[in-house]
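One structure is given here, and the rest of the page talks about it.
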Amino acid sequence: MENSPLQVLTVPTAPYPDQRPGTCGLLKKVYVFQTRRNYLHNYIQSIFSSIDLRDRQGSTIVVGGDGRFFNQTAIEVIVQMAAANGVGRLIIGHHGIMSTPAISCVIRKYKSIGGIVLTGSHNAGGPDGDFGIKFNTANGGPAKEAVTSKIFQISRTIEEFAICPELRVDLTTIGKQTFDLENKFKPFTVEIVDSVESYANLLRNIFDFAALKELLSGKNHINIRLDAMHGVVGPYVRKIMCEELGCPANAAVNCIPLDDFGGQHPDPNPTFATDLVDSMRDGQYDLGAAFDGDGDRNMILGKHGFFVTPSDSVAVIADNIFCIPYFQHSGVRGFARSMPTSAALDRVAKATKIELYETPTGWKFFGNLMDAGKLSLCGEESFGTGGDHIREKDGLWAMLAWLSILAFRRQSVEDVVKDHWLKYGRNYFTRYDYEDVDIDAACEMMEDLEIIIADKSFVKQRFAVEDKIFQVEKADNFEYTDPVDSTISRNQVSHTRLTWSYFPISVRALRVQIQNVFSRHCVLLSVSEPPTESFINCAVLFSLQGLRIIFSDGSRIMYRLSGAGRNRATVRIYIDSYEKEHIFEDTQEKLAPLATIALKISQLHHRTGRSGPSVIT
């Protein structure tokens with residue numbers, strides 16, 4: 001206990017116009033947080049102010065991050081501001097590190113009102129990398145649109161923040177620390193916890209650890225290779241996989257969290273997880289898995305580097321779900337996938353007569369279904385898989401699900417997947433990422449593409465590539481009505497090309513017109529100067545769900561924009577094609593005709609100046 005009460009200050013500040021959180025929270029370059037005065041403080045205050053004072057006072061909030069550069073600096077500010085904003089207790093991961101799945105677990109375990117997740121997910125770290133802040137609510141999952149919109153609105157009008165600048169916390173020692181603050185009747189408590197143990201205990205209640213230990217270290221054990229990519233999941237891998245389940249220590253690599261992830265992109269896909277891909281080629285290992293910076297994504301490889309697409313991964317887990325004891329006891333309430341994810345899971349759902357939900361991209365949509373008891377297993381094509389044990393995707397959980405299947409079936413990864421294709425047919429799937437595209441060019445391309453596919457004459461149009469003919473059966477902006485609360489998420493990119501010249505000089509009239517344009521997107525703009533086209537396009541970027549072209553044979557082409565509020569965007573093209581008979585062909589070769597059509601319709605290379613994608617998965 002400190003000897004004298006610590007002073008609480010109210011500091012004047014000025015708002016920033018660009019603190020709208022996306023699906024990964026507020027994601028910016030590190031230098032933005034470092035160089036813009038009170039940028040971090042403004043956003044943290046906006047989070048606290050979005051919580052009703054009656055709920056906030058004396059409450060418990062969880063804090064942790066993936067250990068990237070700026071992580072500890074941000075935690076110090078969060079602690080000081082939480083104390084000044086009436087929070088009663090903070091639970092923080094040892095050294096400030098806690099995986100995103102573990103944060104969800106701890107929020108739920110301690111019944112806290114939410115958590116602040118400090119992560120840039122799978123993006124690069126270090127002083128020149130990215131840093132992100134995400135708010136999770138009491139269910140352990142990402143905040144819903146109503147909450148993130150409220151945070152954004154507060155950030156655009158903020159005038160002051162509360163802070164206790166002299167408060168210092170020791171992140172290196174597990175246990176409780178208490179602090180007396182002026183005008184506070186109860187001490188403020190910070191509890192440093194071993195989040196690895198809390199999370200490990202959760203997994204012990206889901207999987208058969210005895211069977212997994214036999215698989216990994218018994219007489220006829222398999223050999224596995226795990227790559228933590230110098231992210232947060234390293235300590236979890238060592239504790240659970242090596243110490244508890246008996247994997248040899250050298251089976252786990254890159255397990256020391258580094259603030260720059262060793263100078264690498266902590267993204268578990270074949271492009272960036274090259275260490276794992278290379279180590280799997282000679283057949284020494286039966287299963288390989290890589291995890292991203294904050295531990296919520298995963299990539300699964302079989303012997304000789306056999307790649308399991310995330311779409312196939314969730315479908316295979318679904319078909320073998322009762323290999324996992326948790327689901328034997330709880331049953332299976334539903335399956336779900338994001339719209340761009342291949343329809344492989346749909347075929348399992350149809351065969352098992354289990355409800356299938358197709359949602360927009362973003363784990364919060366899955367969380368809403370889980371909270372309503374409608375969903376047990378879900379996945380995204382972007383290497384995210386999870387169950388209803390928490391409200392985040394969970395990389396280590398997905399890998400243990402695969403090990404449970406191997407322990408039960410006693411087959412190789414490749415044989416399990418190929419048997420699945422023989423049973424259900426195969427969804428060939430790929431994604432082309434065009435990164436760092438000018439956001440204005442990207443939004444204009446999407447707007448023109450929307451106009452093309454919305455024309456009635458587009459349906460029934462035929463496209464011929466070599467000896468193949470594809471006929472359009474349906475084309476639309478993806479729209480989702482949540483079956484729980486009936487909220488509608490729709491894509492609308494019309495009227496995004498706005499410039500100052502289109503508006504009267506009156507700022508009041510300008511504000512009204514912009515608000516009218518974006519009213520469907522819940523984007524509240526409060527401006528004191530003319531918005532640039534890029535600013536408006538940045539706002540639009542967060543509301544895009546995706547454009548779909550569906551052909552008569554069931555093949556799909558999907559276009560989405562992704563970004564984090566900077567003036568650059570990623571254009572993503574997804575291609576999904578089903579085959580019942582020809583299931584062992586090369587994916588890129590198989591999908592080449594559809595890729596040609598996708599580029600022809602969008603004119604992407606011409607519109608963006610790009611000759612080819614940055615990443616293919």
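The values are calculated or read from the model by the stated rules, or taken from the named source; none is laboratory data. For clarity, every value in this text was computed on a predicted model and none was experimentally measured. No Cβ is skipped: glycine too gets one built from the backbone with ideal geometry, and neighbour counts run over all protein chains shown. Each accessible area value is taken on the protein alone, full model and side chains, heavy atoms only, with ligands, DNA and RNA left out. Shrake-Rupley method; radii C 1.70, N 1.55, O 1.52, S 1.80 Å.
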* **the chain - accessible surface per residue (Å², probe 1.4 Å)** => 39
* Structure fact -> Within the stretch 75-142, DSSP-loop trypsin sites (Lys or Arg not before Pro) with at most 12 other C-beta atoms within 10 Å are LYS111
* THR309 accessible area, assembled protein chains, probe 1.4 Å, Å² -> 30
* Asked: To the nearest 20 debye, what charge dipole does the stretch 61-184 have about its Cα centre, counting +1 at the Cβ of each Lys and Arg and -1 at the Cβ of each Asp and Glu?
  -> 600
* Structure fact -> By the Cα gyration tensor axes a ≥ b ≥ c (a/c under 1.5 gives rounded; else a/b larger than b/c gives prolate, otherwise oblate), the shape of the stretch 258-387 is prolate
* Under the Karplus curve 6.51 cos²θ - 1.76 cosθ + 1.60, θ = phi - 60°, whole-Hz ³J(HN,Hα) for the stretch 39-53, x wherever Gly or Pro sits -> 4, 5, 4, 4, 6, 4, 4, 4, 5, 4, 5, 6, 8, 3, 4
* Asked: Going highest first, how would you order 35-45, 330-340, 458-468 by mean Cβ packing within 10 Å?
  -> 330-340, 35-45, 458-468
* On the full set of protein chains, 1.4 Å probe, figure out the accessible area of VAL416 and give it in Å² to the nearest 10. => 0
* To do: Note down the magnitude of the dipole of the chain about its Cα centre, charges +1 on Lys and Arg C-beta and -1 on Asp and Glu C-beta and zero elsewhere, to the nearest 20 debye.
  => 1160
* Asked: Accessible area, 1.4 Å probe, largest first: how do PHE179, PHE584 sort?
  -> PHE584, PHE179
* Structure fact -> Taking Cα pairs closer than 8 Å and at least 6 residues apart, the relative contact order of the chain in percent is 13
* Asked: Taking amide H positions as placed 1.01 Å from N in the peptide plane, with prolines and chain starts having none, which residues 5 or more places from GLY64, or on another chain, fall under 5 Å of its amide H?
  -> ILE116, LEU118
* Structure fact -> Taking a ≥ b ≥ c as the square roots of the eigenvalues of the Cα gyration tensor, with a/c under 1.5 meaning rounded and otherwise prolate when a/b exceeds b/c and oblate if not, the stretch 94-146 is oblate
* Asked: When the helix-only estimate is applied to the chain (DSSP H runs of n ≥ 4, each -39,500 (n - 2.57), divided by the residue count), what is the mean residue ellipticity at 222 nm, nearest 500 deg cm²/dmol?
  -> -9500 deg cm²/dmol
* Hey, which of these cross-link pairs are over 23 Å Cα-Cα: LYS350/LYS418; LYS350/LYS468; LYS29/LYS239; LYS28/LYS150; LYS580/LYS600; LYS423/LYS590? -> LYS350/LYS468; LYS29/LYS239; LYS580/LYS600
* Structure fact -> Taking only protein heavy atoms and a 1.4 Å probe, the highest-to-lowest accessible-area order of GLU380, GLU444, GLU243 is GLU243, GLU444, GLU380
* **Antiparallel bridge percentage (DSSP; both residues within the stretch 147-293; nearest 5)** => 45
* To do: Quantify, in whole percent, the carbon and sulfur part of the accessible surface of the chain (1.4 Å probe; protein heavy atoms only).
  => 48
* From the coordinates shown, semi-axes √(5λ) of the Cα gyration tensor in Å corresponds to which of (1) 37, 34, 20; (2) 59, 25, 23; (3) 92, 28, 22 -> (1)
* Roughly what % of DSSP beta bridges within the chain run antiparallel, to the nearest 5? -> 70
* How much accessible surface area, in Å² rounded to 10, belongs to the heavy atoms of HIS582 with a 1.4 Å probe? -> 100
* Structure fact -> For the stretch 205-284 the mean separation of alpha carbon contacts under 8 Å (6+ apart) over residue count, i.e. relative contact order in percent, is 30
* To do: Work out from phi, with θ = phi - 60° and the Karplus expression 6.51 cos²θ - 1.76 cosθ + 1.60, the ³J(HN,Hα) of each residue of the stretch 324-340, listed in order in whole Hz, and give x for Gly and Pro.
  => 9, x, 3, 7, 4, 8, 8, x, 10, 8, x, 10, 8, 9, 6, 3, x
* Structure fact -> Sequence order, the stretch 90-100: Karplus ³J(HN,Hα) from phi using 6.51 cos²θ - 1.76 cosθ + 1.60, θ = phi - 60°, Hz rounded, Gly and Pro as x, gives 10, 10, 10, x, 3, 6, x, 9, 7, 5, 4
* To do: State whether the stretch 216-309 is rounded, prolate or oblate according to the following rule on the C-alpha gyration tensor (a ≥ b ≥ c being the square roots of its eigenvalues): a/c under 1.5 gives rounded; otherwise a/b larger than b/c gives prolate, and the remaining case gives oblate.
  => oblate
* To do: Give the percent of DSSP beta bridges with both residues in the stretch 308-444 that are antiparallel, rounded to the nearest 5.
  => 35
* Selection from VAL308, LEU226, TYR285 lying farthest towards where the dipole of the stretch 188-324 points positive, charges on Cβ -> TYR285
